[in-house]
1. Name the residue that is surrounded by the fewest Cβ atoms within 10 Å (Cβ to Cβ), counting only residues in segment A:119-143 that are in contact with a Pro (Cβ under 8 Å, 6 or more places away or on another chain) and aliphatic (A, V, I, L, M).
2. Return the residues of segment B:35-52 that are over 14 Å from B:VAL88 (Cβ atoms), more than 9 Å from chain A (Cβ to nearest Cβ) and touching a helix residue (DSSP H, G or I) at 6+ places or on another chain (Cβ under 9 Å); say none if nothing qualifies.
3. So if I check each of B:SER62, B:SER26, which one is among the hydroxyl-bearing types (Ser, Thr, Tyr) and more than 10 Å from chain A (Cβ to nearest Cβ)?
4. Somewhere in segment A:400-418, is a residue of a type in the set (D, E, K, R), within 14 Å of chain B (Cβ to nearest Cβ) and surrounded by 13 or more Cβ atoms within 10 Å (Cβ to Cβ)?
5. Of the conditions (1) touching a helix residue (DSSP H, G or I) at 6+ places or on another chain (Cβ under 9 Å); (2) in a helix (DSSP H, G or I); (3) crowded, with 20+ Cβ neighbours inside 10 Å, B:ASP77 satisfies every one except a single condition; which number is it?
6. Can you find even one residue in segment A:35-50 that is touching a strand residue (DSSP E or B) at 6+ places or on another chain (Cβ under 8 Å), in a loop (DSSP other than H, G, I, E, B), under 30 Å from A:ILE138 (Cα atoms) and not hydroxyl-bearing (Ser, Thr, Tyr)?
7. Got a sec? Which of A:GLN450, A:GLN455, A:GLN439 is buried (at least 19 other Cβ atoms within 10 Å of the Cβ) and out of contact with any Ser or Thr (no Cβ under 8 Å at 6 or more places or on another chain)?
8. Report yes if some residue within segment A:502-520 is at negative phi, in contact (Cβ under 8 Å) with a residue 40 or more places away in the chain and out of contact with any strand residue (DSSP E or B) (no Cβ under 6 Å at 6 or more places or on another chain); otherwise report no.
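The values are calculated or read from the model by the stated rules, or taken from the named source; none is laboratory data. Remember, it's a predicted structure, so these values are computed and weren't measured experimentally. Cβ sites come from the backbone with ideal geometry, for glycine too, and all protein chains shown count toward neighbours.
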Amino acid sequence: MADSSHEKISEAEQRYRRNLAAKNPKDGESFTTISGEPLDILYTPLHLENFDLVRDLGFPGEYPYTRGVRDDMYRGRLWTMRQFAGFGTAADTNRRFKYLLKHGQTGLSTAFDMPTLMGYDSDHELAQGEVGRCGVAIDSLEDMEILFDGIPLDKVSTSMTINAPAAILLALYIAVGEKQGISSEQLRGTLQNDILKEYIAQKEWIFPPKPHMKLITDIMEFCARHVPKWNTISISGYHIREAGSTAIQELAFTLADGFTYVEAGIEAGMDVDTFAPRLSFFFNAHMDFFEEIAKYRAARRIWSRAMREKYRAKNPLSWLMRFHTQTAGCSLTAQQPENNIMRTAFEALSAVLGGTQSLHTNSFDEALCLPTEKAVQIALRTQQVIAHETGAASVIDPLGGSYFVEALTDRMHQGAEEYFRRIGEIGGVIAGIEKGFFQREIAAAASAYQRSIEQEKRLVVGVNRHQVKGEEVEIDLLKIDPAIEKSQHERLRDLRARRHDRAVTGALKNLQKAAREHRNQIPDILEAVRAYATLGEICDALREVYGEYREPPIF
Amino acid sequence: MDRKIRVLIAKPGLDGHDRGAKIVASALRDAGMEVIYTGLRQTPEMIVGAAVQEDVDVIGISILSGAHMTIFSRVMDLLKEQGADLEVVVCGGGIIPTEDREKLEDIGVRGLFGPGTTTGEIIEFIRTAVTDKTA
């Protein structure tokens, strides 16, 4: 900025603020973002003293990618509309998948039930009452064949929200592809496979951190050779935010997890450019519109700089951060649930203005149950309205250059850097997990947020303001038939009677051997699933080698 | 009453969403209660065992997975076997549809708190329920 214009602006701004303070003494009242970041009443070029357009923003599709990862963004291709779905049996979810594809969805996203996520078969003692509840129950290749029946795997891309047993689900998907005559090279999709955020927030782990990290580098290595179009990890801030973190914590912890995977890959002997282009990210879209947009923009900038400068990646594809976004489940209210349609729409718009590559919009009934078909349709239509009617997809990074958005982007960036320093001081992400650092930071932020609602410092429509007395919720709820559990047990019993036991035990023994000898475990997992070993059996084989992780209960 | 109210906050089943359980645990502690948090993945047997061993007045169970019918029923049965069903106030929080809520109240679950509940309401409920029990 030229000095003369700087002086002029500074003078004008001082005059504005004097007048404002004289007329409106409430200006001293503190306003913050939903995460507690202080907000000025007005932003001007004076907030961007050190801002450098080329260095800090660049151009879309160019380093440092602040404005977006593609040069033509949504004019070239809209984001993928990817609704997360899964409940009941594989056949139930297969029907929902086909419904979504028929209504214009462009990619699949699979939700698994709790026993599957934790590596237990449906007939395990701990699975009681949970089979098919929060997602689809998958016990063996047989279930996976039904799940994708009639869906050609070379025509869709499939995201699987699976972490601790991610390697097994990848193997199952490859095996279904083989049955459909599709080679692993043609498969497109994403494994969540982000165990670090499991320890930090979502809490679905099986083994201690070290063997889990080994399984992840095995997947990275295997996919680089055999499944080149597969996104091996979806490094996730979503669950960190849902557990109650602030936007800066979500940003910082997610990127710190990402750096940890990169370092693990390099330590395992891989060239960073062989695996980094297949890393993807997954963020939350919460209610604070501008803070979220700033978060996505800062995320791209931080990632590209670290990948190029710190980890010395040479391939530009290793520098750019592609991410999926899901609107915030924790922002939905059980009160006046129809209002959630609006909440989700604003959140989705922030993700689009922030340059997301794919998007899941929550259904308005999700504070009450798994979504019904009607609610899912409204959620998908919300994205289609944004895409085709609002004009938001016509111009790249339309808020770029806004004094406010740029200042907030810088604030997000700085806040994340402060956390990286603290994480470094405690010895890195895994040490932080073991010391309970992340868990305590998030629990404190969650409690502070809850207090701000209870003290009415923050208003939520229908919850602490504009309530309806004696409200009766009158929406249809999706119910999961308890008979699913029994039928899943019977199918498992039947499968175990039919398959060749010797092939199963042989494959499991080989897998244990590979684990003990620190070899890549994916080929043996693939052998085991082809022989119809169950998910629980494969996990048990590895539990014998690795043991299980226990978290100290901190609150 | 001299003794502090003792509360066991329990997180049964496989679900790891512990944001609510932790917020409630710390709010009850701040309100002067003695709080024991079980941590994740507790079976009904472990929960009732801990409740009896710790001699608690209240068990608060957090369930978001949809497994509430199975888990609450089992907890109530086990408490009955131990002869502790009238001694301990069982309450819970999570996403529990109205019709299930009525069934759970029929088997003796005293308070069920859904989304939007304030920690103040839970503290008030526990104080009243424990006073009624000892009165």
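1. Only one residue tops the list, namely A:LEU126.
2. Once the filter is applied, which keeps residues that are over 14 Å from B:VAL88 (Cβ atoms), more than 9 Å from chain A (Cβ to nearest Cβ) and touching a helix residue (DSSP H, G or I) at 6+ places or on another chain (Cβ under 9 Å), segment B:35-52 yields B:GLN42, B:GLU45.
3. Going through B:SER62, B:SER26 in turn, just one is among the hydroxyl-bearing types (Ser, Thr, Tyr) and more than 10 Å from chain A (Cβ to nearest Cβ): B:SER62.
4. no
5. It is condition (3) that B:ASP77 fails.
6. no
7. Sole residue among the options that is buried (at least 19 other Cβ atoms within 10 Å of the Cβ) and out of contact with any Ser or Thr (no Cβ under 8 Å at 6 or more places or on another chain): A:GLN439.
8. Yes - at least one qualifying residue is present in segment A:502-520.
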